[in-house]
Structure formats: C-alpha cells, structure tokens
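Engineer: Here's a structure for you.
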Amino acid sequence: MRLSPAVQTLKPSATIAAAAKAKQLKQSGVKVYDFTLGEPDFNTPEHIQQAAIEAMRAGHTHYTPSGGILELKQAIGRAYERDYGLKVAPNQIVVSNGAKHCIHNVLTALCGPGDEVIIPTPYWVSYSALVELTGAVPVLIETTAESGFCLTAAQLEAAITPRTRLLMLNSPSNPTGSVYPPARLEELAQVCVARGLMILSDEIYEKLLYGDAEFRCVATFSPEIAARTIIVSGVSKAYAMTGWRIGWSIAPVELTQAIDNLQSQETSNPCSVSQYAAIAALDGPQQCVSDMLAEFTRRREYVVQRFRDLPDLGFVEPTGAFYMFFDASRHFDRPLQGGRRVSNASDFCTALLEEAHVALVTGDAFGAPGYARLSFASAMPQLEAGIDRLAAFLKG
Ligand code: PMP
Ligand code: GLU
C-alpha cells in the first residue's frame, strides 16, 4: 500500500498504545496494575449525565453549527470571566472533539512546511506528531528536573529563528506535573510578543493543582499577549469527561474563523449531546471538581510518599495534573525482578509489565529518555498494590 508522506512515518500515540498493551494482557486473564492512561477514573458527575439525557429527550440530536452551539460558547465565556476575569467572546471560540482535536486544528490553521514550532521537553506525546503532520518542524528544547522542567526565556530566545512560528506550552504539564510560576510564564510570553511568535497554551489541567501551585491563564497577562495566544482546554480532565470529547480553543477572531472553516470541512460539529453536557459542567455546581481534586490530592500525597522510599528513583514532586514522572535510569544495567536487565526506559517499562504486571508509559514517548510516567488517576487500592509491585521489581 502506498501511503501518503504525511502518515508514512506517523506512529500511534504511545500513551494509547501502552494502554492497549496493558488491556491485551488483562484480556488474557492476568491481573494488571494499569497506570498508563491519563484519564480520571471517576464517573462523569450525575448532574452532567442528566443534562445529556435531557438534551437527547429535547431532540438535540442533530447537527449543530460546526464550531459548537452559541449556548456552550457563552457558558465557556462565563467560566473564563468567573474563574480568571478574562472576557472571551463567542467569535473567539471553536468547540471541537476534545482538546487533542483543538491542538490539531490550531496547528493546521497556523503552520506549514518551512515553519518551526518550539516545544519544551518533556512534552505530551502528541505535540511533535501533530506538528509534523502540518509539514512544520518541531524544535525540541530540553528542560531538566533541576529547573523544575520549566523553559527559561534565555533558552527560548536561543531557539528562535526566522522560521519560528509558535511556542507550545503546557502548564500544568503532562507528563512532568510541573506548573510554571506565573512570572516565568509572563516572561516567556513577552519574548513571544517581542519576537512575533504565537503561543499555544494547552491548559487542560488548569483545575488540577496541589499545594500552593498557582495556575495562570496565559491570555490574562496583557492584551498584547492575548492577541498572540491560543488557549486550548476542555472538560475531559476537570469533569471526568474524557469520553464525551469536548474541548475548545480560544483565539483571535481571524484565526478562530479559519479553524471553524477547517472543522466545517473536516468533522462538522462536535457531538451535540456532549455539548449540552459540557454546558451543565461549566454552569453547574463546581463541588464535583473540588471533590475529585481532593481525591487526586490524597493519591498524589500517597504516591510521593511511597516514591521517596523507593531506591534510586529521581523525581520532582508533581504540583499539577495527575502524573508521577520519574527517572529510572539508575536501575539500568542492574538485575531487576526475574533477573531482568534493561538499558533504556522502554525496556524498563516492558520488563515491569512482563514481570510485575505494572503498566506505565516510557519517558521516550515524551522526549525524556530514562524516565517513566505513572498516572495516579487510579483508585487507591490499585496504587497501593501497584507501587508494592514496582518496589519488588526494583529490588530484583
Ligand atoms: N493536552 C494534554 C496535555 C493532555 O494530557 C491531553 C490528554 N487527554 C489532551 C491535551 C487531550 O485531551 P482531550 O481528551 O480533551 O482530547
Ligand atoms: N492525555 C492522556 C495521556 O497522556 C490520554 C491519552 C491520550 O490522549 O494520549 O495519557
């Protein structure tokens, strides 16, 4: 089969592939401790489900405007005004099939062959693949545990060339769980304004913060920064709605129009019923978000505590999202459980799955060799047993 150049080298999403591998093992009857996918294990809150049922009964089962219904755009506007004091007009918003789809739309509308897109590593697995699909080149800049996995303005300045089009940011971050201090974020945004770059700020984990971590929506710094910023977010993580597939982009009007045109040709509207559910999520009581965050906080504390006692793992305590991202490299070339020896993170994760039935995602997928990611969006008993097994695996 002759495939198009765009897909010839395209790999499947490593997170989804790791989850599929764990599932396959489960289906063969093995009890697997699966910490691969970053998706809340909670059911979507009842009042949101109810709104979807009512929407179906009311006949909202038809096509909607391609970029989403006005009522949802207005609800998104109300949420940004309420939460961040940011005024967002409906003509700045496109609602799409999840935040991942929004990122694809934004990149397709902005980038093409000859362009460069700056992505700090570690980065979420799909960023580089989605940039490459447009024909643009991802320019990866390494951040380290020492800098709390945050890009500096000097690093950004040094990476800019006449071809640079866009900076991709993700705070709170998947996979590192780091949250940029607002002052650092503003500094980066100012470099983008001064050098004429756009900023794609993926804020999907905005509600999932621990301790005194502070989230700052990038578009709130100044009108000049807002004019260069595209916010991407959605209901997947905060409201346990991954399967409903609702995300949004907030961008300058001209770009929003282009994204809407693209979506109208590509997928038409996002699911009508899910749009009504998203209105209930944004407009309804926010207690469900705090309740889920309280449980994530408990799990995060447990996981951090346990990891402190595991031998020779390096990690920065996550202050956002729901991932423990750790450096496993000191265990390479040492005997692990079952006498296994590994020399990289992918083999470490494979051996861990085969020997201990614990499923993680390799850091290689996130541009961070030597690392592995554990999602703590799993119930406590799972985490307890899974980390016990990880400990036994490391012990050899
Ligand atoms: N951005 C990041 C950083 C993510 O971790 C995810 C994971 N789902 C997404 C975007 C995509 O979210 P959605 O499920 O809404 O497409
Ligand atoms: N974002 C989640 C993750 O990183 C879900 C899987 C995906 O969309 O790639 O695990």
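The values are calculated or read from the model by the stated rules, or taken from the named source; none is laboratory data. Small disclaimer: the values here were computed from a predicted structure and weren't measured. We place every Cβ from the backbone using ideal geometry, glycine too, and count neighbours over all the protein chains shown. Accessible surface is based on the protein model in full, side chains and every heavy atom, while ligands, DNA and RNA are left aside. Shrake-Rupley method; radii C 1.70, N 1.55, O 1.52, S 1.80 Å.
Engineer: If you add up the charges near Tyr33, with Lys and Arg at +1 and Asp and Glu at -1, over every other residue whose beta carbon is less than 11 angstrom from its beta carbon, what do you get?
Structural biologist: 0
Engineer: With the dipole of the chain worked out from charges on the C-beta (+1 for Lys and Arg, -1 for Asp and Glu) around the Cα centre, which of Thr176, Ala385, Val304 lies farthest toward the positive end?
Structural biologist: Working it through, the farthest residue towards the positive pole turns out to be Ala385.
Engineer: Could you work out how far the C-alpha centroid of segment 2-37 sits from that of segment 133-147, in angstrom?
Structural biologist: Segment 2-37 and segment 133-147 have Cα centres spaced 23 Å from each other.
Engineer: Which chymotrypsin sites (Phe, Trp or Tyr not before Pro) in segment 51-158 sit in a loop by DSSP (not H, G, I, E or B) and have at most 11 other Cβ atoms within 10 Å of their own Cβ?
Structural biologist: Those that pass, being in a loop and sparsely packed, are Tyr63.
Engineer: Extension gain Glu71-Gln305, at 0.36 nm per residue separation less the Cα-Cα distance, in nm?
Structural biologist: 79.8 nm
Engineer: Could you state the angle between the C-alpha long axis of helix 253-266 and the longest principal axis of the C-alpha atoms of the chain, as a value from 0 to 90 degrees rounded to the nearest 10?
Structural biologist: 70
Engineer: Sequence-distant or interchain residues sharing an amide H contact under 5 Å with Gly396, placed H: which?
Structural biologist: Hits under the 5 Å cutoff: Gln337.
Engineer: Please check: in the Gaussian network model of the chain (C-alpha springs, under 10 Å), which one of Ser178, Ser272, Ser264 has the largest mean-square fluctuation.
Structural biologist: Ser264
Engineer: For segment 1-145, which whole-number percentage of the solvent-accessible area (1.4 Å probe, protein heavy atoms only) is attributable to carbon and sulfur atoms?
Structural biologist: So the carbon and sulfur contribution to the accessible surface is 56 percent.
Engineer: Treating cross-link reach as a plain straight distance, find the aspartates and glutamates whose alpha-carbon is under 19 Å from the alpha-carbon of Lys31, omitting any fewer than eight places away in the same chain.
Structural biologist: Counting by Cα, and skipping residues close in sequence, Lys31 has these aspartates and glutamates nearby: Asp41, Glu354, Glu355, Glu384, Asp388.
Engineer: Another question about this same structure. In debye, nearest 20, what is the charge dipole magnitude of the chain about its Cα centre with +1 on Lys and Arg Cβ and -1 on Asp and Glu Cβ, if you could check? Walk me through the numbers on the way to the answer.
Structural biologist: Working: 33 positive and 40 negative charges, 154 e Å.
So the magnitude is around 740 debye.
Engineer: Under a 1.4 angstrom probe, counting protein chains only, how are Val117, Val139 ranked by accessible area, largest first?
Structural biologist: The most accessible residue leads, giving Val139, Val117.
Engineer: Starting from the amide H of Cys150, placed 1.01 Å from N in the peptide plane, find each other amide H under 5 Å away whose residue is 5 or more places distant or on another chain.
Structural biologist: Counting only residues 5 or more places away or on other chains, the set is Thr144.
Engineer: Rounded, prolate or oblate for segment 66-154? Axes are the square roots of the Cα gyration tensor eigenvalues, ordered a ≥ b ≥ c, and the cut-off for rounded is a/c under 1.5.
Structural biologist: Note, shape of segment 66-154 comes out oblate.
Engineer: Okay, moving on. Using only Cα atoms, find the angle between the long axis of helix 14-27 and the longest principal axis of the chain, and express it within 0 to 90 degrees, rounded to the nearest 10.
Structural biologist: Tilt of helix 14-27: around 60 degrees.
Engineer: While we're on this one: Cα centroid distance between segment 264-291 and segment 330-389, in Å?
Structural biologist: Distance between centres, Cα-based: 35 Å.
Engineer: Trypsin sites (Lys or Arg not before Pro) within segment 336-396: which are DSSP loop residues with at most 16 other Cβ atoms inside 10 Å?
Structural biologist: On the way: sites: Arg340, Arg341, Arg373, Arg389, Lys395; in loops: Arg340, Arg341.
Listed in order of number, the matching sites are Arg341.
Engineer: Which ³J(HN,Hα) values, rounded to whole Hz and listed in residue order, are derived for segment 367-382 from phi using the Karplus coefficients 6.51, -1.76 and 1.60 in 6.51 cos²θ - 1.76 cosθ + 1.60 with θ = phi - 60°, glycine and proline given as x?
Structural biologist: Each residue's phi maps through the Karplus curve to give x, 9, x, x, 9, 9, 10, 10, 8, 9, 7, 10, 5, 3, x, 4 Hz.
Engineer: Probe of 1.4 angstrom, ligands and nucleic acids ignored: what's the accessible area per residue over the chain, in square angstrom?
Structural biologist: Numbers: 16420 Å² over 396 residues.
Result: 41 Å² of accessible area for each residue.
Engineer: Taking Cα centroids, how far is segment 220-243 from segment 172-212 in Å?
Structural biologist: 11
Engineer: Would you pull out the residues with amide H under 5 Å of Asp34's amide H, same chain only if 5 or more places away, H placed 1.01 Å from N?
Structural biologist: Ala359
Engineer: Determine the alpha carbon to alpha carbon distance for each of Lys23/Lys73; Lys100/Lys395; Lys26/Lys207; Lys21/Lys395; Lys73/Lys237 and list only those over 27 Å.
Structural biologist: Values: Lys23/Lys73 37 Å; Lys100/Lys395 38 Å; Lys26/Lys207 32 Å; Lys21/Lys395 24 Å; Lys73/Lys237 19 Å.
Distance filter (> 27 Å) returns Lys23/Lys73; Lys100/Lys395; Lys26/Lys207.
Engineer: Taking Cα atoms, how many degrees apart are the long axis of helix 287-309 and the longest axis of the chain, rounded to 10 and kept between 0 and 90?
Structural biologist: The angle comes out at about 30 degrees.
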